[in-house]
Amino acid sequence: MKILAIDDQPLTLIAIAHKLEGAGYELITCNDGESGISVFNEINPDLVILDLNMPKKNGFVVLDHIRNFRKSNTPVMVMSGEEDEETIVSAFQSGADEYIQKPVGLNELLIRTNKLMQKPFKGTTDHISSGESKQIQKNIVGVIIPCYNEEERLQTDTFKKFVSQNLGYHLCFVNDGSKDKTLEVLKEMAKGREDYVTVYDCAKNGGKAEAVRQGTLHMLKDPQLDFVGYLDADLSTNFQDFDDLVKTISNSDFQIVGGSRISRMGADITKAGSRAIISKTINMIIRKILGMSFQDTQCGAKVMRREVAEQVFQKKFLTSWLFDVEIFMRMKKIYGSQKAQKLICEQPLKRWVHEDGSKLSMSDSFKILGQLFQISFAYKGK
């Protein structure tokens, strides 16, 4: 039984192929509607799995070709991130037999595929995984993780588990000229996971800002990415909270969504006492310089739309640790102060822990004050 899957996100197609081929189906994939129509005419598949938003020719054009030009009754399953009722109704009116919304579990995808095929392939039920199902995400997200001498702290099992369960994420680990065996650890972790994990090696240590910038520019070469974000290697912000940031930006008009380490009931936010006092002082100065009422610009967990990333990461940053402030300064320059504040969202984290071994020392905190005034002078001078 041949299945034609048409989607402009390669990571989605890889996940679909792995699940359905494992269940005995023959899968042919296409990255756009135009090539999908050509392949449909050539192979006459038994089922079509179809995304709606694609380049060249979208899913509705493909549906029209199948139903009205070819007069085919081939079952069509639309699998899309579009969730408004009007779009769903239009898809069914255009000839879709099934509509499932991303994110969707691979087990659910297989069950619905079997149902549309009417005669499930023998043994396919053996491929329904027990326990937590792997998920195809609504959007494809690139996450930059800067690493400097992280050999002993990298939670490799946590990273491996995350990419195995969340199939819309691509993690880019940037080795920032580490002097220990960080690079070897990263390469070992990426082995066999090259579709979901990239290791970008900087021969010389350039600091966190440049590591994140280089990793972002590298990931932006991948056209399938909807969002780009960054996360600290020690996972002081965990993946569950980061995924919440992604959900917020994907369901809103925000251009940047950042975590905020605000202590409150129901949240586990832990900082050393002296560090907390200095952080509050620095945040107060940052708010004054920005002219914006952000509570926590320096949280190491943020996600943004790729169009914004393409603009704010082009030029090098003035400082190594305060590039978040510079990103907001650049947003002000592009959009103006009032609009920029409406396009940036702070989202309180449920958990944040200052891990032992953090690269930012107390003495560095005092250096930050001088760097803040450097930023203020440079950007206001522009």
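Among the residues examined, Met54 qualifies as under 25 Å from the mean Cα position of the chain (by Cα) and among the hydrophobic types (A, V, I, L, M, F, W, C).
Quick check on my filter: what residues within the stretch 187-239 are acidic (Asp, Glu), crowded, with 18+ Cβ neighbours inside 10 Å and out of contact with any Gly (no Cβ under 8 Å at 6 or more places or on another chain)? Passing the criteria: Glu210, Asp226.
Test Ile28 against the criterion of being surrounded by 16 or more Cβ atoms within 10 Å (Cβ to Cβ) and either among the β-branched types (Val, Ile, Thr) or over 21 Å from His170 (Cα atoms) (or both), and give yes or no.
On the way: surrounded by 16 or more Cβ atoms within 10 Å (Cβ to Cβ): yes; either among the β-branched types (Val, Ile, Thr) or over 21 Å from His170 (Cα atoms) (or both): yes.
Yes.
Within the stretch 61-71, the residues that satisfy the criterion of being surrounded by fewer than 24 Cβ atoms within 10 Å (Cβ to Cβ) and either touching a residue at least 40 places away in the same chain (Cβ under 8 Å) or out of contact with any Gly (no Cβ under 9 Å at 6 or more places or on another chain) (or both) are Phe69, Arg70, Lys71.
Among the residues of the stretch 34-51, the one identified as under 26 Å from the mean Cα position of the chain (by Cα) and under 23 Å from Lys221 (Cβ atoms) is Asp51. Residue pairs whose Cβ atoms lie under 6 Å apart, sitting 6 or more positions apart in sequence or on different chains, and linking a residue in the stretch 219-243 that is within 19 Å of Ile262 (Cα to Cα) and in the same structural domain as Val303 (by TED's automatic domain parsing) to a partner that is β-branched (Val, Ile, Thr) and surrounded by fewer than 20 Cβ atoms within 10 Å (Cβ to Cβ), are Ser236/Val353.
Report yes if Leu20 is aliphatic (A, V, I, L, M), outside any strand (DSSP E or B) and out of contact with any Cys (no Cβ under 6 Å at 6 or more places or on another chain), otherwise no. Yes, satisfied.
Of all residues in the stretch 258-301, those being outside any strand (DSSP E or B), hydroxyl-bearing (Ser, Thr, Tyr) and at pLDDT below 75 number 5.
The values are calculated or read from the model by the stated rules, or taken from the named source; none is laboratory data. Keep in mind the model is a prediction, meaning the values are calculated, not measured. All Cβ positions, glycine included, derive from the backbone under ideal geometry; neighbour counts span all protein chains shown.
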